Amino acid sequence: MAVKTIDTELLRKMFLAGAANLEAKKEIINELNVFPVPDGDTGTNMTLTIMSAAKEVQALDHPDMVSMAKAISSGSLRGARGNSGVILSQLLRGFTKEIREYSEIDVNILARACDRATATAYKAVMKPKEGTILTVAKGISEKAAEMAEITDDLEVFLPEVIQHAEEVLAQTPELLPVLKEAGVVDSGGQGLLEVIHGAYDAFLGKEIDYSAIEAGQSTTIVKPSQQAEADIKFGYCTEFIIMTEKEFTSKDETEFKAYLESIGDSIVCVADDDIVKVHVHTNDPGLAIQRALTYGQLSRMKIDNMREEHHEKIRREAEKAAASQAEAKKKEPRKSVGFIAVSIGDGMNDIFRELGVDYIIEGGQTMNPSTDDMLTAIDQVNADHIFILPNNKNIILAANQAQSLTKDKDIIVIPTKTVPQGITAVISYMPEADVDASMEAMQEAIKNVKTGQVTYAVRDTHIDDKEIHEGDIMGIGDSGILSVGQSVEDTAKEMLAQLVDEDSELISLYYGQDVLDEDAERFAGELSELYPDIDVDVHMGGQPIYYYVLSVE
């Protein structure tokens with residue numbers, strides 16, 4: 001017997017099954033990232049995005065199509081992380097806009113919803129590139145439109161659309177040379193297919209394991225750097241209670257747990273009415289406290305130094321910092337211009353603060369901030385005009401999405417793709433000029449910044465005409481991998497030689513948490529000898545994963 005419609009309850013099961021399947025396959029998707037860097041995270045970003053929506057959908061009690069569509073759209077928009085997550089959220093947004101007016105969905109509605117999803121996602125990307133998740137989405141919408149003319153039976157319609165999507169995904173390496181060279185299909189497109197495969201399993205009535213959604217497993221994130229740092233213990237046992245100023249939703253809980261997991265371990269986060277009990281082992285209690293203050297006031301704060309060093313000093317400083325921040329938030333008058341920057345290390349955080357940045361979002365490389373993280377930062381900066389510096393090309397879309405969701409403040413996203421670009425942008429701000437003039441000056445200044453980053457390969461691959469083996473050191477420039485070797489400093493020098501030209505005036509060297517101060521100073525001295533006509537500045541960046549981040553201006 002033909003199945004001609006999908007009702008609200010079946011669609012709910014299909015969506016949750018799609019989310020669960022993506023969560024189960026996220027590491028496989030992560031492995032498809034073209035660049036073999038330790039922070040490749042398409043699968044993680046897409047999973048966190050859809051899980052944000054799944055938690056909202058699961059929390060609904062007997063939803064109708066309107067409420068479920070709203071939960072999917074709102075949850076994914078606010079939880080979107082990275083380019084792949086933002087594009088997925090836009091696909092879901094377009095899809096739900098079409099279905100929300102119907103109590104049941106047939107092949108014609110489904111085809112229109114797929115078309116609207118694709119159009120919405122393409123519109124969100126400034127320069128759409130074929131061979132990506134967008135191409136797979138377009139293939140789905142085109143096949144759906146074709147099949148809607150042929151059959152009204154979903155049991156015929158769905159497998160034909162899915163098969164075509166798989167064929168389109170298989171063709172992505174032919175559309176994007178970098179995929180072909182690396183021998184992989186597009187990771188975002190694969191992620192979209194996993195969502196659809198899971199949804200189709202639920203449509204067929206297969207038994208689905210929803211435990212990942214129920215337990216919030218997808219928000220347990222181990223940063224790639226933690227494997228290399230397994231011998232480092234988190235020194236401070238930090239406990240406090242948050243007295244929430246507004247509802248602490250399930251989405252808030254999963255997002256907060258994910259953040260705590262990114263800075264420590266032994267996480268406990270239990271919400272009960274208007275209080276949240278928190279426990280975390282971390283090397284920086286201030287980070288946990290700072291994030292907690294975004295949800296409300298704190299009480300019963302307790303910080304114990306598990307290494308039994310400077311116990312009382314740490315407690316006093318953390319409590320004083322929390323009290324000062326809470327008091328400043330209450331008294332600070334609204335100013336004209338504020339700054340938000342995404343940063344990747346303690347030293348870089350300090351540089352941004354010294355330059356006057358109001359709010360720093362941690363985790364630009366190893367953990368892409370979500371749209372909701374951006375919105376939280378915007379809420380904390382008491383200014384009429386707020387410049388956001390994403391400082392990572394994979395975060396710009398999330399920043400743009402936060403901009404579109406903010407109505408009471410003027411948000412200006414400066415499309416900085418690296419931290420050095422962000423630093424240059426802040427330095428180029430002109431306080432005496434109007435906002436538009438400053439924006440133009442900042443955008444012009446970042447064009448003169450060339451960035452290189454030195455890290456290690458996590459797998460064997462072939463890319464940018466270079467044979468790369470797991471453990472090799474790589475020098476990555478703005479346009480791709482510039483050098484590969486066995487020595488961090490030799491690889492950095494080879495990369496730098498391709499960045500420096502006759503117009504170069506300044507080399508800035510930011511060394512990571514795995515580089516000793518004396519080694520960085522010695523290396524900077526060697527660069528000064530190599531380039532005697534160029535100033536060389538060295539800074540403690542403190543970033544994980546990347547031994548050095550270099551910029552040439």
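If only residues of region 488-510 that are within 14 Å of Ser551 (Cα to Cα) and polar (S, T, N, Q) are counted, the one that is surrounded by the fewest Cβ atoms within 10 Å (Cβ to Cβ) is Gln498.
For region 121-149, filtering for residues that are at pLDDT 95 or above and in a loop (DSSP other than H, G, I, E, B) leaves 1. Screening the candidates Asp519, Asp537, Asp501 for the property of being in a loop (DSSP other than H, G, I, E, B) and in the same structural domain as Asp472 (by TED's automatic domain parsing) yields one hit, Asp501.
Filtered by the rule that a residue be loosely packed, with under 12 Cβ neighbours inside 10 Å and within 22 Å of Asn349 (Cβ to Cβ), region 511-533 gives Leu516, Asp517.
Taking the criterion of being under 25 Å from Asn33 (Cα atoms) and either in contact with a Gly (Cβ under 7 Å, 6 or more places away or on another chain) or surrounded by fewer than 21 Cβ atoms within 10 Å (Cβ to Cβ) (or both), the only residue of region 90-117 that qualifies is Ala117. Each residue in region 99-120 was checked for being in a helix (DSSP H, G or I) and either of a type in the set (A, V, I, L, M, F, W, C) or under 20 Å from Ala258 (Cα atoms) (or both), and 9 pass. Within region 395-426, being under 16 Å from the mean Cα position of the chain (by Cα) and either small (Gly, Ala, Ser) or assigned to a loop (DSSP other than H, G, I, E, B) (or both) holds for Ile395, Ala398, Ala399, Ala402, Pro415, Thr416, Lys417, Thr418. For first residues located in region 445-461 and in a loop (DSSP other than H, G, I, E, B), partners that are of a type in the set (Gly, Ala, Ser) and lie 6+ apart or on another chain with Cβ distances below 8 Å form the pairs Val449/Ser551; Ala457/Gly471; Val458/Gly40. For region 56-77: of the residues being in contact with a helix residue (DSSP H, G or I) (Cβ under 9 Å, 6 or more places away or on another chain) and of a type in the set (Val, Ile, Thr), which is nearest to Glu253 (Cα to Cα)? Once the filter is applied, the top-ranked residue is Val57.
Listed here are the residues, each with its yes/no results for (1) surrounded by fewer than 19 Cβ atoms within 10 Å (Cβ to Cβ); (2) farther than 22 Å from Leu499 by Cα; (3) in contact with a Lys or Arg (Cβ under 8 Å, 6 or more places away or on another chain).
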{"site": "Ala399", "(1), (2), (3)": "no, yes, no"}
{"site": "Ala437", "(1), (2), (3)": "yes, yes, no"}
{"site": "Val454", "(1), (2), (3)": "no, no, no"}
{"site": "Arg459", "(1), (2), (3)": "yes, yes, no"}
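Does region 311-319 contain any residue that is modelled with pLDDT of 70 or more, surrounded by fewer than 19 Cβ atoms within 10 Å (Cβ to Cβ) and either of a type in the set (Phe, Trp, Tyr) or not assigned by TED's automatic domain parsing to the domain that holds Ser84 (or both)? Quick ask: steps written out before the conclusion?
Step one: filter region 311-319 for residues modelled with pLDDT of 70 or more, giving none.
So far as region 311-319 goes, no, none of its residues is modelled with pLDDT of 70 or more, surrounded by fewer than 19 Cβ atoms within 10 Å (Cβ to Cβ) and either of a type in the set (Phe, Trp, Tyr) or not assigned by TED's automatic domain parsing to the domain that holds Ser84 (or both).
The values are calculated or read from the model by the stated rules, or taken from the named source; none is laboratory data. Everything numeric in this text was worked out from a predicted model, so none of it was measured. Backbone-built Cβ (ideal geometry, glycine too); neighbour counts: all protein chains shown.
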